[in-house]
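K.L.:
The structure is given below, and queries will be raised subsequently.
The values are calculated or read from the model by the stated rules, or taken from the named source; none is laboratory data. None of these values were measured; they are calculated from a predicted model. Using ideal geometry, Cβ is built from the backbone for each residue, glycine included, and neighbour counts are taken over all protein chains shown.
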Amino acid sequence: MPAADERIIAELGLRRERARSVCDYPNAIRAFSVICFLIVWEIYGRRVDPLLLTYPTAVVQAAWSLIKSGELPRQMLESLTTLAVAFGASVVLGVGFGLVMGRSRVVSAALEPHINALYATPQVALTPLLMMWFGLGFTVKAVVIFLFAFFPILINTASGVRNVSSSTIEVGRAYMASRRQILLKVVFPAAVPFIMAGIRLAIGRAIVGMVVAELFTAITGLGAMLTLYGNLFETAKMFVIVIVLGILGVVLVRATQTLERRMARWKETERAIE
Amino acid sequence: MLEVRQLSKVFFEQNDPRRPGLVALHNVSFSVRNKEFVCLLGPSGCGKTTLIRIIAGLIRADRGEIRVNGKPVTAPGRDRCMVFQQFGLLPWRTVLGNVEFGLEIEGMGRAEREKIAREYLALVGLSGFESYYPHQISGGMQQRVGIARALSKKPDILLMDEPFGAVDAQTREQLQEELLKIWNKTDTTVIFVTHSIDESIYLSDRVIIMQSRPGRIKEEVKIDLPRPRWEGDVKADPRFAELRAQVRESLRT
């Protein structure tokens, strides 16, 4: 009865406390901090050899010229297409294999040594080998991104499935669900919070994979631009790429976090209540 | 009609072959008439939960058999529905979605199962809570969802494994009364596991008292209290006190 609550609160003369000090505006503090940093960088950057360091206004100019010439949008599209295809494949295969591994002890035991070995090897080390097999084009980049992103999704999905309590599965059995129905209507939804956490880990790794592959192949994409302008000592343009990659990472991780929170909402509130 | 004949079940420790097996049930036999309300009463470890799980078809007996209407059962079937101690709700489904679950598994169409689910939610007094998630409602309400879900399948036998063990005492009494009213409206046979003497006497036509090590039936006590029992104070009836003393004595020795 909120009406009664409000009346009592009014009678007692109580009121919600308002934000008063600067501590209550963290966004203002964040903005101030960033502006200070940019000012210091601008002043210091103008005094240093432009080969080694640049400054914010020069970066903005470089960004504008890269956008105007169409080079940045084109290469970015190139990178993002590869990323989307490869990441999509790792989500589909990672969740699929993860479900099977989580449900079947036999499959799990059979695949485990290979997966652990591949996961433990730094994927960067495989890149030169993959270039020999798949050339320098789209394929090799997609394979590298896939290898970076696949394992966290696979491993999280499998452990999410193993984490589904036997009493939950029993509910499915008691209502005569077939194996398939138990997998799709009980196990999969119960494992979604784990799967989403795996996807969030994987998206960060996928971006790393993308840049690594493009740095090695150095033909197209944002990573290739990084190599190119590095070789030309165009520091401001290199910074543009670095900042774009940073923003891309933040945006994608944020997006998956939002998605994760929406899809696993029941889990979060459940935890909060316990 | 449910018949349980010479049922035995032994649990072996999976990881430790040196440990001896535990006899959870030994030669358990009883039968339940249609529309009868029977309580399985006993201390922890007497095998009452094992027994109801075998009847539900969730685990298999090692010896003996169970027949429902003359047909032997070894797996879950649509003639028996289970209400779980921890409610067994699926937390990602709404109240309505949880009640629909059993019908959905059967392959019933969306519109039809929604209609039936709403009917049974109304029966347990949860109309208006369809779109809530289990964690947003109280334990007592969650168990009503569990009961609605089981009843929506129109089972011949409703199996209840300590269904009110996880709710507070007041809610428990309220749920007992409501269960009797709901049972009165349906044609269901109920097998109800509990370790509460009062609960077993208040609810049932017959209390089957079990003993542990090995799990077996000690005695059956017929509850001849008049029905309906929600009118007046049955628990203050002198006959109730006599039955309570009788059951308690039987459990003690």
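K.L.:
Which residues, counting only those in the stretch A:204-255, are under 15 Å from A:Ala86 (Cβ atoms) and of a type in the set (Lys, Arg)?
P.N.:
Correct list: A:Arg205 only.
K.L.:
State whether one or more residues within the stretch A:89-104 are out of contact with any helix residue (DSSP H, G or I) (no Cβ under 8 Å at 6 or more places or on another chain) and charged (D, E, K, R).
P.N.:
No: the stretch A:89-104 contains no residue that is out of contact with any helix residue (DSSP H, G or I) (no Cβ under 8 Å at 6 or more places or on another chain) and charged (D, E, K, R).
Residue by residue, here is whether (1) modelled with pLDDT under 90; (2) crowded, with 17+ Cβ neighbours inside 10 Å; (3) closer than 24 Å to B:Glu104 by Cα holds:
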{"site": "A:Leu184", "(1), (2), (3)": "no, no, yes"}
{"site": "A:Ala191", "(1), (2), (3)": "no, yes, yes"}
{"site": "A:Arg200", "(1), (2), (3)": "no, yes, no"}
{"site": "A:Arg205", "(1), (2), (3)": "no, yes, no"}
{"site": "A:Gly209", "(1), (2), (3)": "no, yes, no"}
{"site": "A:Thr217", "(1), (2), (3)": "yes, yes, no"}
{"site": "A:Gly223", "(1), (2), (3)": "yes, yes, no"}
{"site": "A:Ile243", "(1), (2), (3)": "no, no, no"}
{"site": "A:Leu248", "(1), (2), (3)": "no, yes, no"}
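K.L.:
Could you please find all residues in the stretch A:171-191 being more than 7 Å from chain B (Cβ to nearest Cβ) and either more than 17 Å from B:Gly88 (Cα to Cα) or more than 34 Å from the chain's Cα centre (by Cα) (or both)?
P.N.:
Across the stretch A:171-191, the qualifying residues are A:Ser178, A:Arg179, A:Arg180, A:Leu184.
K.L.:
Report, ordered by the first and then the second residue, all pairs with beta carbons closer than 6 Å, sequence separation of six or more or different chains, a first member in the stretch A:95-118 that is in contact (Cβ under 8 Å) with a residue 12 or more places away in the chain and under 21 Å from A:Val187 (Cα atoms), and a second member that is among the hydroxyl-bearing types (Ser, Thr, Tyr) and in a helix (DSSP H, G or I).
P.N.:
Qualifying pairs under 6 Å: A:Val95/A:Thr157; A:Gly98/A:Thr157; A:Met101/A:Ser108.
K.L.:
Go through (1) assigned to a helix (DSSP H, G or I); (2) farther than 22 Å from B:Gly77 by Cα; (3) within 12 Å of chain A (Cβ to nearest Cβ) one by one and return the number of the condition B:Met141 breaks.
P.N.:
Of the numbered conditions (1) assigned to a helix (DSSP H, G or I); (2) farther than 22 Å from B:Gly77 by Cα; (3) within 12 Å of chain A (Cβ to nearest Cβ), the odd one out for B:Met141 is (3).
K.L.:
For A:Leu154, state whether it is in contact (Cβ under 8 Å) with a residue 40 or more places away in the chain, more than 14 Å from chain B (Cβ to nearest Cβ), closer than 30 Å to A:Glu78 by Cβ and not in a helix (DSSP H, G or I).
P.N.:
Taking the combined requirement at face value, the residue does not satisfy it.
K.L.:
If a residue counts only when it is touching a Pro at 6+ places or on another chain (Cβ under 6 Å), which helices (runs of 4 or more DSSP H) contained entirely in the stretch A:1-81 have at least 1 such residues?
P.N.:
Details: elements: A:2-12, A:26-45, A:56-68.
Answer list for the stretch A:1-81: A:26-45.
K.L.:
Across the stretch B:196-216, which residue is surrounded by the most Cβ atoms within 10 Å (Cβ to Cβ) among those that are under 27 Å from B:Ile147 (Cα atoms) and either modelled with pLDDT under 90 or among the charged types (D, E, K, R) (or both)?
P.N.:
So the residue we want is B:Glu199.
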